[in-house]
Each structure stands twice: as C-alpha cells, then as structure tokens.
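Visitor: Take this structure first; my questions come after.
The values are calculated or read from the model by the stated rules, or taken from the named source; none is laboratory data. None of these values were measured; they are calculated from a predicted model. Don't worry about glycine lacking a Cβ; one is built from the backbone with ideal geometry, like all the others, and counts go over all protein chains shown.
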C-alpha cells in the first residue's frame, strides 16, 4: 500500500535520483481549438439529449467544464525521487514491491517518459517525464529492483491521443 510521507513516519531510503515534474502537461491551445472542441462538445451533449441519454450529456458538459477550468490553473510542481528502497511521487512513497515493472519511452523531442506499472491490477500506470535526463543510468539503476518491460516500445495510445487532442 503506498504511503503518504507527510502523514506517516516513512523511511524512504537514500535518494539516488530526483527532480521536479509538472502535475500534468499544460498544452498551448489557441482560439480555434476552443471553437472546434466547443462545437464537438455541444454536438455530443445534444446527441445525448436527443437520444434521452441524459447521463452522457451531463458527463460531456462536465468534461468540458473540467477542461476549461484546468486550463485556467497552472500545474503544480511535483517532487519525484528514485531511492534505494522505492519511488517517491509527490507526497506518496511506493516500495519496489508495490511496483511490478518499469519501461522507458525515449523518442525525442516528442516523448521522453519513464513509466511504472503497479502490482495492483486496478491501479493505472504512472508516467514521469524525463525532460533532459539521460535514461540509461536510470534504466540501469531501476533494473536492480524491477523488471524492465521491453515489450513496451511505443508511448501508450491514451498518452498519444491526449497530446494530439491537447486534453
């Protein structure tokens, strides 16, 4: 179970690598993006009302509101560290035993990410931007504790789509 390092007395071990990442990627969106996405959102909400699928219409409207509000707030800086006992992301500490594997997708300038998969099937993968860090020493260090998923050669489709659609 991941531990909150601010609320619990947790020994995170000796920090080997650390940097600060953004909470989420903030995209540069122009006026045309808002017009096109607004029309798509209105069309989807209208479809939901016409087909009497009011939950779909509500979810579409809420999604639009959340995207708009997210664009108004700058993402927070989140601390990230790789230690000799686990990984710290923000205020949460994950022991290596809680993570099943890792992989690196390094395709500059588009993708430079480190991914962790959790042992719990219900948990989503964790994505850490590498920015200008060289992934080779990170890969060598993490391979001591976790299996590297060499089958992952491309960025996940959901990440590519979110970057393409700027959401």
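Visitor: Looking at (1) in the same structural domain as residue 151 (by TED's automatic domain parsing); (2) part of a helix (DSSP H, G or I), which is the only condition residue 100 fails?
Guide: Status for residue 100: all satisfied but (2).
Visitor: For region 68-84, which positions are surrounded by fewer than 17 Cβ atoms within 10 Å (Cβ to Cβ) and either in contact with a helix residue (DSSP H, G or I) (Cβ under 8 Å, 6 or more places away or on another chain) or not in a strand (DSSP E or B) (or both)?
Guide: Listed by number, the residues that qualify are 68, 69, 70, 71, 72, 73, 74, 75, 76, 84.
Visitor: OK, next. I'm checking my understanding of the structure. Among residues of region 98-117 that are within 13 Å of the chain's Cα centre (by Cα) and over 18 Å from residue 162 (Cα atoms), which one is surrounded by the fewest Cβ atoms within 10 Å (Cβ to Cβ)?
Guide: The initial filter retains those residues of region 98-117 that are within 13 Å of the chain's Cα centre (by Cα), namely 111-117.
After this cut, where a residue has to be over 18 Å from residue 162 (Cα atoms) as well, the list is 116-117.
Numbers: 116: 22, 117: 19.
So, considering only residues that are within 13 Å of the chain's Cα centre (by Cα) and over 18 Å from residue 162 (Cα atoms), the one surrounded by the fewest Cβ atoms within 10 Å (Cβ to Cβ) is 117.
Visitor: Does at least one position in region 21-44 carry a residue that is surrounded by 14 or more Cβ atoms within 10 Å (Cβ to Cβ), closer than 20 Å to residue 119 by Cβ and touching a helix residue (DSSP H, G or I) at 6+ places or on another chain (Cβ under 8 Å)?
Guide: No; the residues of region 21-44 include none that is surrounded by 14 or more Cβ atoms within 10 Å (Cβ to Cβ), closer than 20 Å to residue 119 by Cβ and touching a helix residue (DSSP H, G or I) at 6+ places or on another chain (Cβ under 8 Å).
Visitor: Over 30 Å from residue 140 (Cα atoms) and modelled with pLDDT under 90: is that true of residue 44 in this structure? Steps first, answer last, please.
Guide: On the way: over 30 Å from residue 140 (Cα atoms): yes; modelled with pLDDT under 90: no.
When the stated conditions are applied, residue 44 does not pass them.
Visitor: Answer yes if at least one residue in region 48-63 is surrounded by 17 or more Cβ atoms within 10 Å (Cβ to Cβ), in contact with a helix residue (DSSP H, G or I) (Cβ under 9 Å, 6 or more places away or on another chain) and in a strand (DSSP E or B), and no otherwise.
Guide: no
Visitor: In the set 160, 95, 125, which member is over 18 Å from the mean Cα position of the chain (by Cα), assigned by TED's automatic domain parsing to the domain that holds residue 17 and either farther than 24 Å from residue 76 by Cβ or surrounded by 11 or more Cβ atoms within 10 Å (Cβ to Cβ) (or both)?
Guide: From the options 160, 95, 125, the qualifying one is 95.
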